[in-house]
1. With the requirement that a residue be in contact with a Phe, Trp or Tyr (Cβ under 6 Å, 6 or more places away or on another chain) and buried (at least 17 other Cβ atoms within 10 Å of the Cβ), what does segment 193-205 give you?
2. Tell me, which residue of segment 75-89 that is surrounded by 16 or more Cβ atoms within 10 Å (Cβ to Cβ) and not aromatic (Phe, Trp, Tyr) is farthest from VAL156 (Cα to Cα)?
3. Here is a list: VAL57, VAL15. Which entry is buried (at least 19 other Cβ atoms within 10 Å of the Cβ), touching a residue at least 24 places away in the same chain (Cβ under 8 Å) and not in a loop (DSSP other than H, G, I, E, B)?
4. Does segment 35-52 contain at least one residue that is exposed (fewer than 15 other Cβ atoms within 10 Å of the Cβ) and part of a loop (DSSP other than H, G, I, E, B)?
5. What about ASP69, is it among the charged types (D, E, K, R) and open to solvent by 30 Å² or more (accessible area, probe 1.4 Å)?
6. So which of SER92, SER162 ends up being hydroxyl-bearing (Ser, Thr, Tyr), modelled with pLDDT of 95 or more, in contact with a Leu (Cβ under 9 Å, 6 or more places away or on another chain) and open to solvent by less than 10 Å² (accessible area, probe 1.4 Å)?
7. What's the number of the condition ILE184 fails, among (1) farther than 26 Å from TRP19 by Cβ; (2) assigned to a strand (DSSP E or B)?
Amino acid sequence: PRLRHAFIKYQDIIVGQTWSTLMNTSAIPEAADFAGPAVGLAFVRQGQIRYTQGNVVFALENPESYGGDPTNDNIPDFIARYNLKGDWGNVSFSGLLRSLTTTLGKDETAFGGSIAGRIKTVGKDDFRFQVHSGELGRYVSVAGGKDIEGEEVEEVTSYMVSYRHFWHDTVRSTAFYGKVETDISDQERTHWGINLFKNFTPKLSFGVELGNFAIDEQNADSNYLQFSAKYVL
């Protein structure tokens, strides 16, 4: 067992561990495996202090130099986010500023940005997207790229698009595609899938998904067929 979320929220302030402020959780597609095309997502849970004022959010979050020397990371990561919301859906704009430490003890400053959203289309359908670029390292692609590669800060570009269509009030499908590329380590990974979910009760659903995950720098890929069941407490 491990602790995933534990935080205190008082008015406009959150203190504790939960999803990073860089993330727009509404832009995560529905998939058989939670998060689906993780190669294209911002996906981090960590300790933080977050302040929200209207559509503007600021946070100081847990620092870590993945691939470098995390023992000297004493300056919290700073994240700012602006949210646009309406009947049409939502879009978020996020920026990340942090200090990283290489294995030889050199301090480096890293910057990165993110745009993500969920847009309503026809009926109950929606389009979801995420685009991340810069020195984001461990914040995107579930550690697909490191913060520090050798003695240099790694630059990462990743994106994800998905479309969810409702065939019926209780039957729906999502098609998604995600990709990540790194600058120094020259990694390139993709993930696509298409699924079908059905709610048998308001809390119980079953699904099936067909997809492919590829690691291009190793010339390797895998097709999969996955089944899932979910019960909402």
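The values are calculated or read from the model by the stated rules, or taken from the named source; none is laboratory data. Predicted model, so just to flag it, every value in this text is computed and none were measured. For neighbour counting, all protein chains shown are included, and Cβ atoms are generated from backbone atoms with ideal geometry for every residue, glycine included. Heavy atoms of the whole protein, side chains included, go into the accessibility calculation; ligands, DNA and RNA do not. Shrake-Rupley method; radii C 1.70, N 1.55, O 1.52, S 1.80 Å.
1. GLY193, SER205
2. GLY89
3. On the way: VAL15 fails: buried (at least 19 other Cβ atoms within 10 Å of the Cβ).
Matching residue, one of VAL57, VAL15: VAL57.
4. No.
5. On the way: among the charged types (D, E, K, R): yes; open to solvent by 30 Å² or more (accessible area, probe 1.4 Å): yes.
Considered against the rule, which asks whether it is among the charged types (D, E, K, R) and open to solvent by 30 Å² or more (accessible area, probe 1.4 Å), ASP69 comes out as yes.
6. On the way: SER162 fails: in contact with a Leu (Cβ under 9 Å, 6 or more places away or on another chain).
Selected residue: SER92, the only one of SER92, SER162 that is hydroxyl-bearing (Ser, Thr, Tyr), modelled with pLDDT of 95 or more, in contact with a Leu (Cβ under 9 Å, 6 or more places away or on another chain) and open to solvent by less than 10 Å² (accessible area, probe 1.4 Å).
7. For ILE184, the failing item is (2).
Results for (1) hydrophobic (A, V, I, L, M, F, W, C); (2) within 30 Å of VAL208 (Cβ to Cβ); (3) within 17 Å of the chain's Cα centre (by Cα), shown as yes or no for each residue.
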position	(1), (2), (3)
HIS5	no, yes, yes
ASP77	no, no, yes
ASN83	no, no, yes
ASP87	no, no, no
SER94	no, no, yes
THR101	no, no, no
THR109	no, no, no
